[in-house]
Protein chains: 2
Amino acid sequence: MVRYAKRMEQLTNSDIGDLLKLIARPDIISFAGGLPAAELFPVDQLRQACDAVMEEMGKVACQYSSTEGFPALREKIAERMKAKNNIETDADHILVTSGSQQGLDFSARVFVDKGDVILMESPSYLGAINAFKACEPTFMEVPTDEGGMVMEELEKILATTPNVKMIYVIPDFQNPTGRTWTLERRHKFMEIINKYEIPVIEDNPYGELRFENENMPALKSLDTKGLVVFLGTFSKILVPGYRLGWVCASDEILSMFNFIKQGADLQTPTVTQLEANKYMEMFDLDKHVDTIRELYKHRRDVMMKTMEETFPKEAKFTHPDGGLFTWVELPEYIDTRKMALQCLEKKVAYVPGGSFFPNGGHENCFRMNYSCMPDDKIVEGVKAIAEVIKANLK
Amino acid sequence: MVRYAKRMEQLTNSDIGDLLKLIARPDIISFAGGLPAAELFPVDQLRQACDAVMEEMGKVACQYSSTEGFPALREKIAERMKAKNNIETDADHILVTSGSQQGLDFSARVFVDKGDVILMESPSYLGAINAFKACEPTFMEVPTDEGGMVMEELEKILATTPNVKMIYVIPDFQNPTGRTWTLERRHKFMEIINKYEIPVIEDNPYGELRFENENMPALKSLDTKGLVVFLGTFSKILVPGYRLGWVCASDEILSMFNFIKQGADLQTPTVTQLEANKYMEMFDLDKHVDTIRELYKHRRDVMMKTMEETFPKEAKFTHPDGGLFTWVELPEYIDTRKMALQCLEKKVAYVPGGSFFPNGGHENCFRMNYSCMPDDKIVEGVKAIAEVIKANLK
């Protein structure tokens, strides 16, 4: 009989896989995934970039290339991080990955042995939880509130837990809550981290999608000891189907990520790297991000307005300043997994909240995405969910 | 101080990374990597395929897609495995990966806990050794000869070793030796495997590159118990820069690979999958493989002839019927790592043999690749190596 590795016991099918299957059904109004709006994909511009790459350096695009990534792309990524996040870095401190999901997988593999502790915001991104599970860690959840991770709670845990090997955070428009850490918390966080010298994975897929108020400094921009590993991605600012992300880290830590990358898949595809690089040379990515931001802001407004008008007062939800998600909390007696099936009967989908807590519980919450549905569907879908919630109230 | 996971201790920089850097120097005659001949890349056809994809289904190509891979591509892969390897399978038993290197990484993660035993041919592919190391296994090497893995030795090991969790083999034009298992060994191997019920990773990147003699049946085609995991790739029959490979396995095993894939990078890029699929619809991949085969056969002939004419009789080497590599064995007192530096002075590169033995030793061997250098460079490079060998003889 075939015997599997013990890690497989922890890796039952994740909600993401099931949900991507649901989303594929065209008749569903889906607030479930984190899909970008496909109507904004710069398809024709990418085709032009591909033509130019194949014309100018087709043989290079088709050949193996270095594990670290295509140098010109890494330069552009480093420049973008300076411009957008005020992070002092350069191409030598960038590793191109197959989406930032790969950066999450590598993070656990670089830092975490079986049984080691990973700290995460409670709740946090379910794809990160799944990736980390493959290293068989112990998860400890750090409580959060409107302003992000609660620093007093973080300090308490660090003061009493010896084997914390990494802290995973999403300070900007968090997945799933849509919340953003305050400036004060960011400074306090770095103070604590510097004291304990624990590596931090700062996942920042949505940072450029701010609709209002001021940018907050990335943790990496406040990092004086080289403890912060910054994960970025083109999935939300360009297209996800190219699977291009990056890791930015200090020398020694990045070299560890490179070792893992070499064994994991040798390198990210040459062709997609060259095409994304060429796209940025030929076209204005900033202008494209403006267009995305504008549409998502509008859709957030439509969703928020409809929720305010139709959701019962027992349903609390966040008002994100950017990103893709809002987070809904219902009375504790409502099970949003059961409610999800009632919603699916009305052809509306969300992600039940329990999946975002590595240690389970919190089945009274759910996550809603507003980036990929047109106005009328948002209104229709939110109204349908509102009806289902009301029917579940005692 | 940052503490890394214990697995990082095993993952010092691999030869592959260093070598890819050497190869990048344009003045080196490199027999080191396993690079396909770039002059044969169907660059213009791939450009046309890209145009067609962007024209017909650009938004799909740019969006997230399923973890398993693009259905039409998986169907074509399954059909190809039937046609080329006589393997009865279908799209449901294919997972598209980021090159077959990713299949190697996943194999260890699916089957191997720390300390578990992996059996490999002695020698074997160094990229597999590196990938497996991340799971902290114990490697046991099974002796090989001209006919492939020695079955009596395999039986001995299996009869006395309790925790063998997987066997990794390359039966066709093995990397690094270029050798192919005999038919008899294949049947005997399956008999032994069926008795012990150990999962087998059959890595087959070069199977289609046979220059002469008859095709041997893939182990997977002889697999009656669903124990063989077949790894395939487009890297050697189309282009490596797209990083497209696949895993073919029975239901339960493939579902385990899917769980790992989901956490590792969600999915292989949609765009490259659609383009490779479109290429196969628009053009004749078989005809393209014929062209590759013809050129590599010619280059093998040039290399073999020059080696026969110039290498001293103390140097023994394999005569591969296909694939990309020949394997050279020198007298035991010669250290091919030191000799590699002497060769680099003459601007010629190979891979020292020690890297292909997971437990070390065998520094008197080296691997040479003949697929990516033109005739005159092959002659010049082989002659230079012959001179260096002679200078090292006692």
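The values are calculated or read from the model by the stated rules, or taken from the named source; none is laboratory data. Keep in mind it's a predicted model, so treat the numbers as computed, not measured. A quick note on method: Cβ atoms are made from the backbone with ideal geometry, for glycine too, and the neighbour counts reach across all protein chains shown. All accessible areas refer to the heavy atoms of the entire protein, side chains included, with ligands and DNA or RNA removed. Shrake-Rupley method; radii C 1.70, N 1.55, O 1.52, S 1.80 Å.
Some points to look at:
- Evaluating B:THR291 against the criteria (1) out of contact with any strand residue (DSSP E or B) (no Cβ under 9 Å at 6 or more places or on another chain); (2) in the same structural domain as B:ALA52 (by TED's automatic domain parsing) leaves one unmet condition, (2).
- Some residue of segment B:367-386 being in a loop (DSSP other than H, G, I, E, B) and of a type in the set (D, E, K, R): no
- Filter pass, B:PHE356 being surrounded by fewer than 20 Cβ atoms within 10 Å (Cβ to Cβ) and not aliphatic (A, V, I, L, M): no
- Top-ranked residue of segment A:77-100 - restricted to ones that are open to solvent by less than 10 Å² (accessible area, probe 1.4 Å) and in a helix (DSSP H, G or I), ranked as nearest to A:ASP284 (Cα to Cα): A:ILE77
- Scanning segment A:216-257 for residues that are over 25 Å from A:ALA276 (Cα atoms) and in a strand (DSSP E or B) yields one hit, A:VAL228.
- Scanning segment A:150-184 for residues that are touching a residue at least 40 places away in the same chain (Cβ under 8 Å) and of a type in the set (D, E, K, R), we see that the one that is nearest to A:PHE366 (Cα to Cα) is A:ARG179.
Here is a yes/no grid of residues against (1) at pLDDT below 95; (2) in a loop (DSSP other than H, G, I, E, B); (3) in contact with a helix residue (DSSP H, G or I) (Cβ under 9 Å, 6 or more places away or on another chain):
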residue: B:MET1; (1), (2), (3): yes, yes, no
residue: B:ASP18; (1), (2), (3): yes, no, no
residue: B:ALA49; (1), (2), (3): no, no, yes
residue: B:ALA52; (1), (2), (3): no, no, yes
residue: B:MET57; (1), (2), (3): no, no, yes
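- Test: residue in segment B:157-169 that is assigned to a loop (DSSP other than H, G, I, E, B) and either under 20 Å from the mean Cα position of the chain (by Cα) or under 23 Å from B:HIS319 (Cα atoms) (or both): no
- The set of residues in segment B:213-226 that are over 20 Å from the mean Cα position of the chain (by Cα) and either over 12 Å from B:MET190 (Cα atoms) or of a type outside the set (Gly, Ala, Ser) (or both) comprises B:ASN213, B:GLU214, B:LEU222, B:ASP223, B:THR224, B:LYS225.
- Where B:VAL271 falls short, out of the listed (1) β-branched (Val, Ile, Thr); (2) away from every other protein chain (no Cβ under 14 Å); (3) closer than 26 Å to B:PHE234 by Cβ; (4) open to solvent by less than 20 Å² (accessible area, probe 1.4 Å): (2)
- Qualifying residue in segment A:117-138 (condition: in a strand (DSSP E or B), more than 10 Å from chain B (Cβ to nearest Cβ) and open to solvent by 10 Å² or more (accessible area, probe 1.4 Å)): yes
- Test result for B:TYR196, aromatic (Phe, Trp, Tyr) and more than 17 Å from B:GLN174 (Cα to Cα): yes
- Taken over segment A:206-215, residues that are open to solvent by less than 10 Å² (accessible area, probe 1.4 Å) and part of a strand (DSSP E or B) amount to 0.
- Taking the criterion of being facing another protein chain (nearest Cβ under 7 Å) and open to solvent by less than 30 Å² (accessible area, probe 1.4 Å), the residues of segment A:32-64 that qualify are A:LEU35, A:ALA38, A:PHE41, A:VAL43, A:LEU46, A:CYS50, A:MET54, A:GLY58, A:ALA61, A:CYS62, A:GLN63.
- The residue that is farthest from A:ARG80 (Cα to Cα), counting only those in segment A:274-296 that are more than 14 Å from chain B (Cβ to nearest Cβ), open to solvent by less than 70 Å² (accessible area, probe 1.4 Å) and of a type in the set (D, E, K, R), is A:ARG293.
- If you filter segment B:211-265 down to residues that are without any contact (Cβ under 8 Å) to a residue 40 or more places away in the chain and acidic (Asp, Glu), you find that the one that is farthest from B:SER371 (Cα to Cα) is B:GLU252.
- Which numbered condition B:MET339 misses (of (1) exposed (fewer than 15 other Cβ atoms within 10 Å of the Cβ); (2) assigned to a helix (DSSP H, G or I); (3) of a type outside the set (Val, Ile, Thr)): (1)
- In summary, B:VAL110 fulfils each of the numbered conditions (1) facing another protein chain (nearest Cβ under 9 Å); (2) farther than 16 Å from B:ARG243 by Cβ; (3) open to solvent by less than 10 Å² (accessible area, probe 1.4 Å); (4) touching a Leu at 6+ places or on another chain (Cβ under 9 Å) with the single exception of condition (4).
- Residue, farthest from A:VAL110 (Cα to Cα), within segment A:239-257, restricted to residues that are out of contact with any strand residue (DSSP E or B) (no Cβ under 9 Å at 6 or more places or on another chain) and open to solvent by 10 Å² or more (accessible area, probe 1.4 Å): A:ASP251
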